[in-house]
Structure formats: structure tokens, C-alpha cells
Amino acid sequence: MPISGGNAKRVLFGAINIETGGRVFLARRQGRGVDFEDFLEEVRSHYRGRHVALLLDEDSSHTAEDSQDTADELGIELLWLPKRSPHLNPMDHLWRHGKEVMSANHQYASIDEQVERFISYLSGLSVYEALKKAGIFSKDFWLKP
């Protein structure tokens, strides 16, 4: 998810565990394949020895051959959302909530401060709040833990 202000830009990678509400975030200056590969390594370090499946859109950083190879090497299963279906992705709901609370109508001294506060806010949500904001408690949630 991109965050920008003025001429500065950061890309946030994030994942939520739909069973525990645990969240992993990684901020980067760009959203290239190598940045996504770093995120995959971050996710794996948080979930050593556990099965990990990530639900993704078909962003080029996700579909890059090196990214796919890194996921395979790390034992991370990549699951693809249908095109134009962000409403099916729990992280997109969480991103939207974070943007509404932390980015809309807020001015920060720097893009780095904005990113830090954004991640801090989403990380600071209780497990219940995170799962609720991600839409996981919705009766219409399609992906059951």
C-alpha cells in the first residue's frame, strides 16, 4: 500500500494472521520485487515452522519470478485474489481503516513520521480491533480460519 506526501513516497507491505490477529509490516522506499522478497523473509521470521499462506493481488512485485522463487524457498504459499477484488482481501480493509484514521486530514513533518505513526497505529490495535477492522468477523467473510 503506497503512502505519499509531497514528492516523497513509501510502500508498506503488510499481512494479518486471520486466526490470531498478529500483524507484520515492512516499509520500503519502493515496491519492487526485491522489496516484496524482503517482506516474505520478514513474514517467515515471524512464523518460523508454521504453514504460511499469503493472499495477494497480482502486483508485479508479487508475481515477479524472483519473488515466486523466494516464496518457494521460504515455504510460503502464495494465493491469488481474482482481478479487481480488493474487497476480498482483509489487509485492504485494514489499510483503508488506517488511512482514514491516520492519513486523512493529517499533516506530518515528514513521510517517515507518517509511515511510523501509521504502522504504530495499526500495530497498536487490539487483536479484536484488528480482526474486526479487517472484516474477519463479518458474517460475509469468505475466508474462514
Any hit, the stretch 96-109, residues being in contact with a strand residue (DSSP E or B) (Cβ under 9 Å, 6 or more places away or on another chain), of a type outside the set (Ser, Thr, Tyr) and modelled with pLDDT under 85: yes
Residue tally, condition surrounded by 15 or more Cβ atoms within 10 Å (Cβ to Cβ) and of a type in the set (Lys, Arg), over the stretch 97-145: 3
Taking the criterion of being touching a residue at least 12 places away in the same chain (Cβ under 8 Å), in contact with a Phe, Trp or Tyr (Cβ under 8 Å, 6 or more places away or on another chain), among the small types (Gly, Ala, Ser) and closer than 27 Å to residue 29 by Cβ, would at least one residue in the stretch 125-142 satisfy it? no
Within the stretch 62-82, identify whether any single residue is under 13 Å from the mean Cα position of the chain (by Cα) and modelled with pLDDT of 90 or more, and answer yes or no. yes
Looking only at helices (runs of 4 or more DSSP H) that fall completely inside the stretch 58-145, which ones have 3 or more residues that are within 16 Å of residue 11 (Cα to Cα)? 60-63, 90-98, 111-124
May I ask you to say which residue of 65, 19 is of a type outside the set (A, V, I, L, M) and under 23 Å from residue 135 (Cα atoms)? 19
Output the residues belonging to the stretch 65-77 that are touching a helix residue (DSSP H, G or I) at 6+ places or on another chain (Cβ under 6 Å), under 17 Å from residue 31 (Cβ atoms) and open to solvent by 30 Å² or more (accessible area, probe 1.4 Å). 66
Name the single residue, out of those in the stretch 14-31 being surrounded by 15 or more Cβ atoms within 10 Å (Cβ to Cβ) and free of Cβ contacts under 8 Å to residues at least 60 places away in the same chain, that is farthest from residue 60 (Cα to Cα). 17
Quick one: is residue 90 in contact with a helix residue (DSSP H, G or I) (Cβ under 9 Å, 6 or more places away or on another chain) and open to solvent by 30 Å² or more (accessible area, probe 1.4 Å)? no
Looking only at the stretch 39-57, count how many residues are in a loop (DSSP other than H, G, I, E, B) and either in contact with a strand residue (DSSP E or B) (Cβ under 7 Å, 6 or more places away or on another chain) or closer than 20 Å to residue 27 by Cβ (or both). 2
Pairs please, first residue from the stretch 44-61 and farther than 16 Å from residue 23 by Cα, second anywhere and open to solvent by less than 40 Å² (accessible area, probe 1.4 Å) and among the aromatic types (Phe, Trp, Tyr), Cβ atoms under 7 Å, 6+ apart in sequence or on different chains. 61/36
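The values are calculated or read from the model by the stated rules, or taken from the named source; none is laboratory data. No experiment lies behind these values; they were computed from the predicted model shown. In this analysis, Cβ positions are derived from the backbone assuming ideal geometry, glycine residues included, and neighbour counts consider all displayed protein chains. We work out accessible area using only protein heavy atoms, side chains counted, and drop any ligands, DNA or RNA first. Shrake-Rupley method; radii C 1.70, N 1.55, O 1.52, S 1.80 Å.
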